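One structure below.
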């Protein structure tokens, strides 16, 4: 019987998702487990795997178009089925949208079913594992996502962890070493950071632009504001604001690259890199251009605090098109950062320093901030990035401009 | 001789066999069941259920006896043995009819008679209506077990009883000696003691309930002795003779006494019903009266399976039923999981009751595990005090490294109804963290289950 294929909830709390590309075309035969399409999320590409044998009868959503989670994206025919009234099927789905489809299992009784069912829910990404399995896996440094579950509905249970641990123990030769070291198992956060940064540096063509901003007006304004402000505004808060305003003024810079289209955003959501004990995370300040400095300051402090406690919700660190990484507080003068995919750019901010500057042919001492912009060349060309950087520099040097 | 064809045939209608038949029918298999005696098997007709009915009468008698401590004045209570036994038989009869109804509902064709294998995929059934031949690619043997008979002590209904005679006594023996301090022996000891018999229990092992945790055994032994039951542990039987209407039992071991008994109840284990099944010449292997099976109850003969008591320890109805489901689902092409013997709970309905699941403390230690052990007495539980049920305790054993709940052991009122909490916890593979986070209702005796977990991690609140 023909069935509708629905957009799965590939990342937690996402209400929409887009098909990056269909790996099969209409009429192709599908076996259970085959990848039908790749679905794009902010964090990664997720494969949509077939749950059973079928034929890809009809594609309803072309690549790149965002649709609601749960919306029909295609029609699966049973093998050998030809005469399917898709319109009727869709109408029925509309009528039954709220009700769950009954699972029709008409497999003959004495036929073996598939041996292994996945432990990861294709819709929510949740890994089903018993508490004991989770603790044993953590103790052995095993990534749950790499395990196959043998419990009910593919739940990972103790025996699955032990089976892998035994196999690993047999496979691993006894290390022979005279050098003392401690081996710290990777946390899943560390692994994610490693994977994403390798992916970024290896697949995103970076180029870098350097700029110096004179900081006297901004420092003077900040001093003035902080004299009366309930909450102290940091230089970084100004930088977040300036970057967001610049993104609104140069909208061609407020983009992310996808394989099929350039995605241009309407709002300026700026991420701020926060260093925590377990690694780096980038909480996002949404609509930063239209927020007051005091709001930005409060929000960044609150997000960073919860980031350090590991208590950010996914929607608080997913999204955005632009990252700011500031190492100024460590006295770093200048550095260049790796782009945080799928963002198109990251701004590396150094420390404000007293430096010799030439002003009207005269040598003076000035307060100077050095910033380096790393840009994804697929999405943004050099001239455009330079134009954005000039706007940013202008806002930093005439800070009232970002407040108007 | 006619031959009838089925997808699956079950031999034996006990808690293993009839559950297998129901599950098979649910999975769309055309199913038959052959039973030579009564549907429901020993469990329902001569075991679990009728003994519970008897013990309930003993509980009521005991409760009335202690009515004064609850501020209720009653006259002396007198047990009516005939009525007690009748009630027990009525309960069994009601459930027996229930199983017949279930077979009809699930369209399981029931044949009355004795079945034996008669070549591949074939059973010959001989019953009152003569012989007939049944054919099926899958045959599950679930013929159960019976009480072990000790030489010279064959049940005669007069001086020597098996559980069978003990369930339908005409009178309460004055002096009852029970051979065997396992679950069955101790349950009958509680019952006959409550009805006024002078009860002695002889056990070969060094303690009664030898498969339970040593603290459980010790506590129950103390409670039984306090009530006036005599325990002879670490004792073997040297010999017996009947003299002047009484049995003389000579013991050897920790005691060399000669016990005088009006009736001797033999509850010294069971043997599998492997005879007359036509196993000779097949690939079915029998060891110590039990059929050897793999994790999915397959015997050495293709298409022949064995479940329940026939397939070995633990000899528990719920183990038989679980094996039935595993066996049938495997046959039907599903992916059931093998039974984990450490997750099979065990209950003894003595006074006090005993319930346990998983490793005892000693088993866990000899398995080389580092342990966290917690214990909480019902004497420190508010509901237990209010109920006048402060006897007993809850003990839990955790793996210190992983937090796995290795085992749980309980003694006290209605603990048999509570052990399921720990069984589910083990099944879900919870660690101490989830158990500690769980909220148990107040006031209940089950709070002691939470406190025992807390105690294992040195954070019990009320002890």
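If only residues of segment B:339-352 that are within 14 Å of chain A (Cβ to nearest Cβ) and in contact with a helix residue (DSSP H, G or I) (Cβ under 7 Å, 6 or more places away or on another chain) are counted, the one that is surrounded by the fewest Cβ atoms within 10 Å (Cβ to Cβ) is B:343. Checking the structure you have, find out if any residue of segment B:220-231 is part of a loop (DSSP other than H, G, I, E, B) and crowded, with 16+ Cβ neighbours inside 10 Å. Looking through segment B:220-231, at least one residue is part of a loop (DSSP other than H, G, I, E, B) and crowded, with 16+ Cβ neighbours inside 10 Å. The condition of being touching a residue at least 12 places away in the same chain (Cβ under 8 Å) and within 14 Å of chain A (Cβ to nearest Cβ) holds for residue B:453. Checked against the criteria, residue B:355 counts as away from every other protein chain (no Cβ under 14 Å), within 30 Å of residue B:23 (Cα to Cα), in contact with a helix residue (DSSP H, G or I) (Cβ under 7 Å, 6 or more places away or on another chain) and in a strand (DSSP E or B). Tell me, please, whether a residue that is part of a strand (DSSP E or B), away from every other protein chain (no Cβ under 14 Å), surrounded by fewer than 21 Cβ atoms within 10 Å (Cβ to Cβ) and modelled with pLDDT of 95 or more can be found in segment B:361-371. Yes; the residues of segment B:361-371 include at least one that is part of a strand (DSSP E or B), away from every other protein chain (no Cβ under 14 Å), surrounded by fewer than 21 Cβ atoms within 10 Å (Cβ to Cβ) and modelled with pLDDT of 95 or more. Taking the listed residues A:99, A:87, the one that is modelled with pLDDT under 75, surrounded by fewer than 14 Cβ atoms within 10 Å (Cβ to Cβ) and assigned to a helix (DSSP H, G or I) is A:87, with no other qualifying. Scanning segment A:139-163 for residues that are facing chain B (nearest Cβ under 10 Å) and either out of contact with any helix residue (DSSP H, G or I) (no Cβ under 8 Å at 6 or more places or on another chain) or not in a helix (DSSP H, G or I) (or both), we see that the one that is nearest to residue A:183 (Cα to Cα) is A:139. When residue A:112 is tested against the conditions (1) loosely packed, with under 14 Cβ neighbours inside 10 Å; (2) in contact with a strand residue (DSSP E or B) (Cβ under 7 Å, 6 or more places away or on another chain); (3) modelled with pLDDT under 70, the lone failure is (2).
Applying the criterion of being in contact with a strand residue (DSSP E or B) (Cβ under 6 Å, 6 or more places away or on another chain) and part of a helix (DSSP H, G or I) to the residues of segment A:164-208, the residue that is modelled with the lowest pLDDT is A:189.
When restricted to residues that are in contact with a helix residue (DSSP H, G or I) (Cβ under 8 Å, 6 or more places away or on another chain) and surrounded by 15 or more Cβ atoms within 10 Å (Cβ to Cβ), segment B:141-163 contains 9. Among the residues of segment A:251-289, those that are over 21 Å from residue A:62 (Cα atoms), assigned to a strand (DSSP E or B) and free of Cβ contacts under 8 Å to residues at least 60 places away in the same chain comprise A:270, A:272, A:274, A:275, A:276, A:284, A:285. Does segment B:427-447 include one or more residues that are surrounded by fewer than 23 Cβ atoms within 10 Å (Cβ to Cβ), in contact (Cβ under 8 Å) with a residue 24 or more places away in the chain, within 14 Å of chain A (Cβ to nearest Cβ) and under 24 Å from the mean Cα position of the chain (by Cα)? Looking for residues that are surrounded by fewer than 23 Cβ atoms within 10 Å (Cβ to Cβ), in contact (Cβ under 8 Å) with a residue 24 or more places away in the chain, within 14 Å of chain A (Cβ to nearest Cβ) and under 24 Å from the mean Cα position of the chain (by Cα), one finds at least one in segment B:427-447, hence yes. Just a yes or no: is a residue in segment A:118-138 within 14 Å of another protein chain (Cβ to nearest Cβ), surrounded by fewer than 16 Cβ atoms within 10 Å (Cβ to Cβ) and at pLDDT 80 or above? Yes, there is a match, as at least one residue in segment A:118-138 is within 14 Å of another protein chain (Cβ to nearest Cβ), surrounded by fewer than 16 Cβ atoms within 10 Å (Cβ to Cβ) and at pLDDT 80 or above. Taking the conditions exactly as written (over 30 Å from residue B:197 (Cα atoms), within 14 Å of chain A (Cβ to nearest Cβ), surrounded by 13 or more Cβ atoms within 10 Å (Cβ to Cβ) and modelled with pLDDT of 95 or more), does residue B:27 satisfy them or not? Judged against the criteria, residue B:27 is a match.
The values are calculated or read from the model by the stated rules, or taken from the named source; none is laboratory data. These numbers were taken from a predicted model, which means no experiment stands behind them. For neighbour counting, all protein chains shown are included, and Cβ atoms are generated from backbone atoms with ideal geometry for every residue, glycine included.
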